[in-house]
Amino acid sequence: MLYKIPLFFALTSIIVTPIHAAEEDLHKTVEDLRSQVEMLTTRLLQLENKLNNKETPSKQVDLKPQLDNKKVAVGDTKGSIKIPGTDTSLAIGGYVKLDAIYNSQSVGGNAGSNIGDQILQPGSIPVNNDDKNEDQITFHARQSRFWLKSFTPTDWGDLNTYLEMDFFAFQSPGNERISNSYSPRLRHAFGSLGSFLAGQTWTTFMNVKALPELNDFGGPVGRIFARQPQIRWTQQLNADSDLMFSIESPETTLTNNLGNRETPDDDQYPDMITRLNIYRPWGTVSLAAMLRNIQSNAQINSDAFGGAASLAGRIKTFERDDLRFMLNYGNVLGRYTSSNLFNDGAITPEGKIKLFDQYGGFIAYRHWWHDSWRSTFAYGLSYADNVDFVPSTVSQWAQSAQFNLLWSPLIQTTFGLEYTYASRALENDNSGHIHRVQFSSVFNF
C-alpha cells in the first residue's frame, strides 16, 4: 500500500498544477481588463474636461468623488437644493395669477395702457361720474411672478441673493387683440452679506408685514409702497428688535402751476431712512422716519428739505385673526404713498419749491372662518393740504374700502372674490367713485 501514496501525490500534482496556473492566468486577465477600463474612464474624463474648457488633470481621476458631486442634495433652507460642489443652496418659486375684474367706470385709455382698470390707482379714480366712462370688464395675468434666490453660509455671515420679476411693465402695454403679451419687469434684485444689503427691494420706509391680504394689487389707499435701489444696514438690538439704516435712490415729483406733474431728475442727495422693528409674541410693530431733499433746477436752482414718519404693524387678535395698520404723516410723503396720488412738493411760477403736509394710512382686519376660508376688510384714506397757488383741479383726498372672501383648498392655491369701493375729490370739491368686483386665482409653485 505504501507505493500507492507517492502515486497519489503525483497524480494530484498533475491535475491541480494546471488548474492553479489557469486560475492565475484568469486573475491576471481580469486585472488587465480592470486597468484598461480605468485608463479608458480617465481618458474620457480628460476629454470631457477639455470640451468644458477645464484644466486637464495630471493624474488619474478619483471616480467616487466625481459621482458623489453629481447627486442633488437638500439645501440648508426649506425648499432649496444644494448646487453640486458648493456650499450654496438655490431655490426657485413664484405663482400664476389670473384677475377677472368688473369696474363700474373705466379710467379710459387703450388696451393695456389703462392700468387703473387693472389695479386700484387712487389718482385715476374718475371724478364727475357721467355716462362717458361706462362700466367695463377686463382679464389679465400680469401679476404672475417668478423668483430665484440663493443662500451661502460664510465666515462673514450669510450671503444671500434674490431676483424677482412680474409682467406689470408700464412701458410695454401689449395688446388684447391677439397675444396679450406683456414684457417682464424687474421687481427685486439685491444681495446681502450678514447685516449689509445692496440692490433694489422694498423701501426701508415700508413695513411689508403690515400689508393686508387683498386681491387688488394696488390697494388700499394710504399705504406706503415703493421699491427702489438702496444700501441698507440692519443692526440687531436684541432677540426681538432691530434697527435699520438706509440711503435710497431719490426721485422728485412736483406739481407745477398748471396742476401737472413734473419730474425734474435733478436730485443731489439720497433719501435717508431709518426704521425700528419690534417683534413680540402678540405681533410686530415698526416706526420709520425719513429725510428727503426735494430739488429742481428747471427754472432756478431751488430745493427744500422735509421729513415724514410712518407707524405700522400687525397685531394678533383672536385665534388666527389679525389687525394690520399703517399711519403716515409728513411733508415729503409724495411718491411713497397711494401710488403717487400727491407729489412731493409744488413749484411756484418763479421756480421755487414749496412743501405741503400730507397724511394718510389704512386699517385692515383679517378673520379666519375656517382652516381654508378667510376674509379681509380694509379701509384707507389719503389727504393733502395743498398750497394755495396750485390749481383747484389737483387731488385733495382719496379713500377706499375693500372686502373679500378667500379660499385655499391647498396650500399652493387660493381663489378669491373681492369688492372695492373707492372715491377721490379735487380741491374744487368735484368728486367721483368706482365700484369694483374682482375674482382672482393664484397657483403657487
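I'd like to check which strands (runs of 3 or more DSSP E) are fully inside the range 304-394 and have at least 3 residues that are closer than 16 Å to PRO220 by Cβ, assigned by TED's automatic domain parsing to the domain that holds ALA425 and hydrophobic (A, V, I, L, M, F, W, C).
322-330, 358-368, 373-384
What is the residue count in the range 411-445 for residues that are surrounded by 15 or more Cβ atoms within 10 Å (Cβ to Cβ) and among the acidic types (Asp, Glu)?
Result for the range 411-445: 2.
Working only within the range 383-406, note down all residues that are over 22 Å from PRO126 (Cβ atoms) and in contact with a strand residue (DSSP E or B) (Cβ under 6 Å, 6 or more places away or on another chain).
Within the range 383-406, VAL387, ASN404, LEU405, LEU406 meet the criteria.
Which one of LEU341, LEU311 is buried (at least 21 other Cβ atoms within 10 Å of the Cβ), touching a residue at least 12 places away in the same chain (Cβ under 8 Å) and touching a strand residue (DSSP E or B) at 6+ places or on another chain (Cβ under 8 Å)?
None of the other options fit; the residue is LEU341.
Kindly provide the set of residues from the range 253-269 that are in contact (Cβ under 8 Å) with a residue 24 or more places away in the chain, outside any strand (DSSP E or B) and on the phi < 0 side of the Ramachandran plot, ordered by number.
THR253, ASN256, ASN257, LEU258, PRO264, ASP266, ASP267, GLN268, TYR269
Can you go through THR284, THR317 and tell me which one is crowded, with 16+ Cβ neighbours inside 10 Å, among the β-branched types (Val, Ile, Thr) and either under 17 Å from ALA210 (Cβ atoms) or over 28 Å from the mean Cα position of the chain (by Cα) (or both)?
THR284
If you scan the range 407-434, which residues turn out to be more than 17 Å from SER395 (Cβ to Cβ), assigned to a strand (DSSP E or B) and touching a strand residue (DSSP E or B) at 6+ places or on another chain (Cβ under 6 Å)?
TRP407, SER408, THR413, THR414, PHE415, GLY416, LEU417, GLU418, TYR419, THR420, TYR421
Could you check GLY380 against (1) free of Cβ contacts under 8 Å to residues at least 60 places away in the same chain; (2) closer than 19 Å to GLY330 by Cα and say which number it fails?
Unmet for GLY380, out of (1) free of Cβ contacts under 8 Å to residues at least 60 places away in the same chain; (2) closer than 19 Å to GLY330 by Cα: (1).
Among MET290, MET272, which is buried (at least 24 other Cβ atoms within 10 Å of the Cβ) and of a type in the set (A, V, I, L, M)?
On inspection, the qualifying residue turns out to be MET290.
Out of curiosity, is GLY416 closer than 22 Å to ASP322 by Cβ and either outside the structural domain of ILE347 (by TED's automatic domain parsing) or touching a Phe, Trp or Tyr at 6+ places or on another chain (Cβ under 6 Å) (or both)?
No: the conditions fail for GLY416.
Within the range 61-154, which strands (runs of 3 or more DSSP E) (wholly inside it) include 3 or more residues that are modelled with pLDDT under 95 and more than 23 Å from the chain's Cα centre (by Cα)?
Those strands (runs of 3 or more DSSP E) span 136-140.
Residues of the range 279-301 being assigned to a strand (DSSP E or B) and either farther than 30 Å from GLU262 by Cα or not assigned by TED's automatic domain parsing to the domain that holds ASN207 (or both), which ones?
Result: TYR279, ARG280, GLY283, THR284, VAL285, SER286, LEU287.
How many of the residues in the range 349-395 are touching an Asp or Glu at 6+ places or on another chain (Cβ under 6 Å) and among the acidic types (Asp, Glu)?
Of the residues in the range 349-395, 2 are touching an Asp or Glu at 6+ places or on another chain (Cβ under 6 Å) and among the acidic types (Asp, Glu).
In the range 359-376, is there at least one residue being closer than 29 Å to PHE146 by Cβ, of a type in the set (Gly, Ala, Ser), in contact with a Pro (Cβ under 6 Å, 6 or more places away or on another chain) and surrounded by 21 or more Cβ atoms within 10 Å (Cβ to Cβ)?
Yes.
Within the range 365-381, which residues are closer than 14 Å to GLU213 by Cβ and among the aliphatic types (A, V, I, L, M)?
Correct list: ALA378 only.
If you go through the range 262-294 one residue at a time, how many are within 18 Å of VAL387 (Cβ to Cβ) and at pLDDT below 95?
2
Can you tell me which residue in the range 156-210 is modelled with the lowest pLDDT, limited to those that are among the small types (Gly, Ala, Ser), under 30 Å from ALA308 (Cβ atoms) and part of a loop (DSSP other than H, G, I, E, B)?
If we take residues in the range 156-210 being among the small types (Gly, Ala, Ser), under 30 Å from ALA308 (Cβ atoms) and part of a loop (DSSP other than H, G, I, E, B), then ALA169 is modelled with the lowest pLDDT.
Condition check: outside any strand (DSSP E or B), within 18 Å of the chain's Cα centre (by Cα), surrounded by 18 or more Cβ atoms within 10 Å (Cβ to Cβ) and modelled with pLDDT of 95 or more. Does PRO250 satisfy that?
It is false that PRO250 is outside any strand (DSSP E or B), within 18 Å of the chain's Cα centre (by Cα), surrounded by 18 or more Cβ atoms within 10 Å (Cβ to Cβ) and modelled with pLDDT of 95 or more.
The values are calculated or read from the model by the stated rules, or taken from the named source; none is laboratory data. Bear in mind the structure is a predicted one, so any value in this text is a computation, not a measurement. With ideal geometry, Cβ positions are generated from the backbone for all residues, glycine too; neighbour counts draw on all protein chains shown.
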